[in-house]
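Written below as structure tokens is the structure these notes are about.
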Amino acid sequence: MAYSDRELLARLIECEAGGEGENGMKAVAGVVMNRVHARGGEYARVGQGSIRNIIFQPYQFVCASETEGGAYNPQNIYNMRPEAIHYEIADWAIAGNRLPDVAESLWFYNPFGPECRRFFPTGVGYWQTRIGDHCFYNPTDAYYKT
């Protein structure tokens, strides 16, 4: 499907953080846009400034995949029906806005528990903050060598 960047981002926001409240959705949108504008490392090479390239980079966002582990993934961006709030947050993030707590975060994940790891699992990010169920991580110097 030929969705616009705005539409893709709104769908990803709803899918990844629809139940996380406004700040949770803004934080996820901020991570996507931080990757789009990454000044080095993997996301700068792969993304090349493109929202579409960042969202569809393999193995990054479960919601961008129609299958997970060989099975159909019903929670994917194609099944989302974004509402006005999702588009508003997409526009907000595309315009360059970020939550201060998210800073330069390039990753988020749900630890399914009360604790966030100190470092992103691969060691390329350090813990920045937790918003809702997601932990957010800023890049370390090791990230820029990826």
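The values are calculated or read from the model by the stated rules, or taken from the named source; none is laboratory data. Note that the coordinates shown come from a computational prediction; the quantities given were computed from them, not determined experimentally. Here Cβ is always computed from backbone atoms with ideal geometry, including for glycine, and neighbour counts include all displayed protein chains.
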*For the stretch 7-22, how many residues meet the condition of being loosely packed, with under 15 Cβ neighbours inside 10 Å and modelled with pLDDT of 95 or more?*
2
*Output the qualifying pairs, or none if there are none: Cβ atoms under 9 angstrom, residues six or more apart or on different chains, first residue in the stretch 125-146 and more than 13 Å from E104 (Cα to Cα), second residue among the small types (G, A, S) and assigned to a strand (DSSP E or B).*
A142/G125
*Would you call G70 on the phi > 0 side of the Ramachandran plot, touching a residue at least 12 places away in the same chain (Cβ under 8 Å) and either surrounded by fewer than 21 Cβ atoms within 10 Å (Cβ to Cβ) or in contact with a Phe, Trp or Tyr (Cβ under 8 Å, 6 or more places away or on another chain) (or both)?*
no
*Can you give me the ranges of the helices (runs of 4 or more DSSP H) entirely in the stretch 29-144 with at least 1 residues that are hydroxyl-bearing (S, T, Y) and at pLDDT 95 or above?*
41-47, 84-94
*asked:* Against the definition (touching a His at 6+ places or on another chain (Cβ under 9 Å), in contact (Cβ under 8 Å) with a residue 24 or more places away in the chain and within 16 Å of L106 (Cα to Cα)), how does I51 come out, yes or no?
replied: no
*asked:* I'm checking my understanding of the structure. Among residues of the stretch 96-128 that are touching a Cys at 6+ places or on another chain (Cβ under 8 Å) and under 23 Å from I51 (Cβ atoms), which one is surrounded by the most Cβ atoms within 10 Å (Cβ to Cβ)?
replied: F108
